[in-house]
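The structure appears below as structure tokens.
The values are calculated or read from the model by the stated rules, or taken from the named source; none is laboratory data. Quantities reported herein were computed from a predicted structural model and do not represent experimental measurements. Every residue, glycine among them, receives a Cβ derived from its backbone with ideal geometry; neighbour counts consider all protein chains shown. When the accessible area is computed, the model is the full protein with side chains, heavy atoms only, and any ligands, DNA or RNA have been set aside. Shrake-Rupley method; radii C 1.70, N 1.55, O 1.52, S 1.80 Å.
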Amino acid sequence: MKVPFLAKIDCDHLNTVARHLRRREVRRGDVLFVEGDKGQAAYFVHSGAVKVYQLSSEGRERIVHYERAGGFFNLVPLLDGGPNPGTAEVLEDGVFYELRRGVADQLMGLCPVFTRAIATMLAGRMRYLAYAVGEQSLRHVGGRLAQLLMDLADREGEKRSGGVLLPRLSQEELASLVGTVRECVSRVLSELRQQGVVRMEGRRIVVINRPALAALAG
């Protein structure tokens with residue numbers, strides 16, 4: 001199992017904890033946990049993909065974040081024992097490893113380096129959320145979507161001849177990530193295609209002019 005978060009930790013106790021991780025084969029549509037329920041575990045993504053989302057009082061879905069291979073999610077309940085901050089739904093078949101709260105407590109007691117790594121990851125998430133809130137309040141939809149597409153290309157894009165293929169996300173999911181509605185995302189994507197900034201490969205987006213996308217992101 002390759003997880004960047006674990007790869008940075010040098011602690012003999014990790015081998016002990018690794019033996020207590022529960023391997024789970026997951027399928028698209030599986031729900032790992034539900035928003036508001038008591039948090040029991042965090043998850044490492046070995047393969048596949050997952051989204052964590054919240055529902056508004058009107059039933060509108062807002063994606064908090066999503067993770068692919070190498071990702072780690074549901075960190076907060078692991079630390080405070082509180083409720084899950086969102087609902088986790090599997091987007092692509094894969095293999096996840098479950099880290100139960102009790103095992104994590106043991107590891108943090110045995111390995112200060114692990115505790116430090118957890119704190120660093122949490123700080124990074126908080127910094128990202130603060131940045132995202134600022135972006136949504138100051139940028140128009142086109143700029144926010146352009147920035148998201150660049151981030152996806154840099155983090156998870158597949159370089160191909162003539163462009164970078166982005167991970168599979170629906171227009172509804174893209175809209176949720178930038179804080180808008182599907183119709184706005186559809187309109188902006190149509191404009192980007194007409195301008196030769198992106199093209200479609202099936203239902204997946206290919207970035208073909210990154211400098212132009214960066215200019216739109218501002």
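With respect to Leu138, is the statement that it is exposed (fewer than 13 other Cβ atoms within 10 Å of the Cβ) and at pLDDT below 80 true?
yes
Could you please tell me which pairs satisfy a Cβ distance under 9 Å, a separation of 6+ or placement on different chains, a first residue in region 165-189 that is in contact (Cβ under 8 Å) with a residue 40 or more places away in the chain, and a second residue that is among the polar types (S, T, N, Q) and in a helix (DSSP H, G or I)?
Cβ pairs passing all conditions: Val178/Gln136; Val178/Gln147; Gly179/Gln136; Val185/Gln171; Leu189/Gln171.
Helices (runs of 4 or more DSSP H) wholly in region 162-218 with at least 2 residues that are loosely packed, with under 13 Cβ neighbours inside 10 Å - which ones?
Where helices (runs of 4 or more DSSP H) fall fully within region 162-218 and carry at least 2 residues being loosely packed, with under 13 Cβ neighbours inside 10 Å, they are 182-194, 210-217.
Exactly one of (1) in contact with an Asp or Glu (Cβ under 8 Å, 6 or more places away or on another chain); (2) open to solvent by less than 10 Å² (accessible area, probe 1.4 Å); (3) acidic (Asp, Glu) is unmet by Glu89. Its number?
If we test Glu89 against (1) in contact with an Asp or Glu (Cβ under 8 Å, 6 or more places away or on another chain); (2) open to solvent by less than 10 Å² (accessible area, probe 1.4 Å); (3) acidic (Asp, Glu), just (2) comes out false.
Given the options Tyr43, Tyr66, name the one that is crowded, with 19+ Cβ neighbours inside 10 Å, of a type in the set (Ser, Thr, Tyr) and under 23 Å from His20 (Cβ atoms).
None of the other options fit; the residue is Tyr43.
Could you run through region 26-73 and say how many residues are within 19 Å of the chain's Cα centre (by Cα), in a strand (DSSP E or B) and not polar (S, T, N, Q)?
Selection size over region 26-73: 26.
Considering only region 189-209, state which residues are within 19 Å of Val141 (Cα to Cα) and either of a type in the set (Gly, Ala, Ser) or modelled with pLDDT under 90 (or both).
Ser190, Gly196 - these are the residues of region 189-209 that are within 19 Å of Val141 (Cα to Cα) and either of a type in the set (Gly, Ala, Ser) or modelled with pLDDT under 90 (or both).
Is there any pair linking a residue in region 105-126 that is under 12 Å from Leu75 (Cα atoms) to one that is at pLDDT below 80 and open to solvent by less than 40 Å² (accessible area, probe 1.4 Å), with Cβ under 7 Å and at least six apart or on different chains, and which?
Ala117/Phe5; Ala117/Ile9; Met121/Phe5
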